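The values are calculated or read from the model by the stated rules, or taken from the named source; none is laboratory data. These numbers were taken from a predicted model, which means no experiment stands behind them. FYI the Cβ positions are ideal-geometry reconstructions off the backbone, even for glycines, and counts take in every protein chain you see. Just so you know, the surface numbers come from the protein's heavy atoms only, side chains and all, with ligands and any DNA or RNA stripped out. Shrake-Rupley method; radii C 1.70, N 1.55, O 1.52, S 1.80 Å.
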Amino acid sequence: MNLTLEALQILDAIDRKGSFAAAAAALDKVPSAITYSIRKLEEDLDVLLYDRRGHRAKLTIAGEELLAQGRNLLNAAQELENRVKRAATGWEADLRIVLDGIIQFDDLIPLIKEFELQGCGTRIRITQEILSGVWESMVQGRADLAIGAAFDGPDAIRMRGEFQTRLLGNVDWVFAVAPQHPLAKVTEPLNPEVLQVHRAIAIGDTGLTLPSMTAGLLIGQDTLTVPTMQAKLAAQLAGLGCGHLPRRMALPHLRSGALIEKQTVASRPSGDNRVVWRSANKGKALHWFLQKLNDPVVQRMLLGN
């Protein structure tokens, strides 16, 4: 390969400093070495990089293109060097976090800002899945840490011993309907027989390979499946169905009268929302988040309790 990082650094320095002589001083080289390097690069590429006809050498179109793309390579090389150094200190290059739909990203922002103060350079990548989709992300290696995973996970996962889990907490649920919904006027507590004849709003499980999970649904009950908790709230506000919502999400609408809380004979299963991570992962970024997620204040923030 005719291109070298050193040649690209020289090209970059000439442009930034404004002349061959200034670039030589910045790179602690003699001017003749800079001139030789540029001429050698032109010969190797068989391309004229500078137009030398004027009083001052000026980049040709080819030279401008090499400089622009070369800076991308220099930045990538610097980032690679930084990532290798971070790995040597125990900080991961990337930490992939998957959130269950019960966790609102906005509530995670203060934690991310605090992590940024560590100055470790670990890049955070966040995705969101629902129910078994969270566990599937961990099993397939698409995530290093799961926040809010529902229940204990499928039996096949627990038996492998590959993952560790810890209780994050339980969500305070409220069964709510819009004022125009038929259940709004039914005497409480609502029994399963009454609920079963009314459509439930459910968030779709995003898992593709693991057994699907459900919560709060009755056998044979008609359902409208939506993609997110926000969509579930919108559907219930519109009177399209009934179901449980996190109390903190429903509270403004309960206060305004846009939703009505109804007591039911059977309460919604708590779900035991959990934190999940791979046992073999000893990275410092993961350890930092695990420590923070063990803080009761952070747990209440994330679950809205």
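Per-structure values
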| item | result |
| --- | --- |
| Close pairs from region 1-13: first within 15 Å of Ala76 (Cα to Cα), partner exposed (fewer than 14 other Cβ atoms within 10 Å of the Cβ) and aliphatic (A, V, I, L, M), Cβ under 6 Å, at least 6 apart | Leu5/Ala77 |
| The lone exception for Gln291 - which of (1) open to solvent by less than 60 Å² (accessible area, probe 1.4 Å); (2) part of a helix (DSSP H, G or I); (3) within 25 Å of Ser132 (Cα to Cα); (4) of a type outside the set (Ser, Thr, Tyr) it fails | (1) |
| Residue satisfying condition, being over 28 Å from Leu11 (Cβ atoms), buried (at least 16 other Cβ atoms within 10 Å of the Cβ), under 24 Å from the mean Cα position of the chain (by Cα) and acidic (Asp, Glu), within set Asp94, Asp100 | Asp100 |
| Single match in Val186, Val134 (criterion: closer than 28 Å to Ile260 by Cα and either modelled with pLDDT under 85 or of a type outside the set (S, T, N, Q) (or both)) | Val186 |
| Total residues in region 106-133, condition farther than 17 Å from Leu290 by Cα and either assigned to a loop (DSSP other than H, G, I, E, B) or hydrophobic (A, V, I, L, M, F, W, C) (or both) | 4 |
| Answer residue from region 251-271, given it is touching a residue at least 40 places away in the same chain (Cβ under 8 Å) and open to solvent by 70 Å² or more (accessible area, probe 1.4 Å) and is nearest to Gln164 (Cα to Cα) among those | Ser267 |
| Filter result (charged (D, E, K, R), within 14 Å of the chain's Cα centre (by Cα) and closer than 13 Å to Val298 by Cα) within region 107-128 | Asp107 |
| Conditions (1) of a type outside the set (Val, Ile, Thr); (2) surrounded by 19 or more Cβ atoms within 10 Å (Cβ to Cβ); (3) touching a residue at least 60 places away in the same chain (Cβ under 8 Å): number failed by Ala202 | (3) |
| Any hit, region 170-180, residues being at pLDDT 90 or above, polar (S, T, N, Q), surrounded by fewer than 21 Cβ atoms within 10 Å (Cβ to Cβ) and touching a Lys or Arg at 6+ places or on another chain (Cβ under 8 Å) | no |
| Residues of region 272-284 classified as in contact with a Gly (Cβ under 9 Å, 6 or more places away or on another chain) and either part of a loop (DSSP other than H, G, I, E, B) or open to solvent by less than 70 Å² (accessible area, probe 1.4 Å) (or both), total | 9 |
| Residue list for region 194-239, restricted to those being of a type in the set (S, T, N, Q) and part of a loop (DSSP other than H, G, I, E, B) | Thr206, Thr209, Ser212, Thr214, Gln221, Thr228 |
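Yes or no, residue by residue, for (1) outside any loop (DSSP other than H, G, I, E, B); (2) over 30 Å from Phe289 (Cα atoms); (3) polar (S, T, N, Q):
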{"residue": "Lys29", "(1), (2), (3)": "no, yes, no"}
{"residue": "Val47", "(1), (2), (3)": "no, yes, no"}
{"residue": "Arg53", "(1), (2), (3)": "no, yes, no"}
{"residue": "Gln69", "(1), (2), (3)": "yes, yes, yes"}
{"residue": "Leu73", "(1), (2), (3)": "yes, yes, no"}
{"residue": "Gln78", "(1), (2), (3)": "yes, no, yes"}
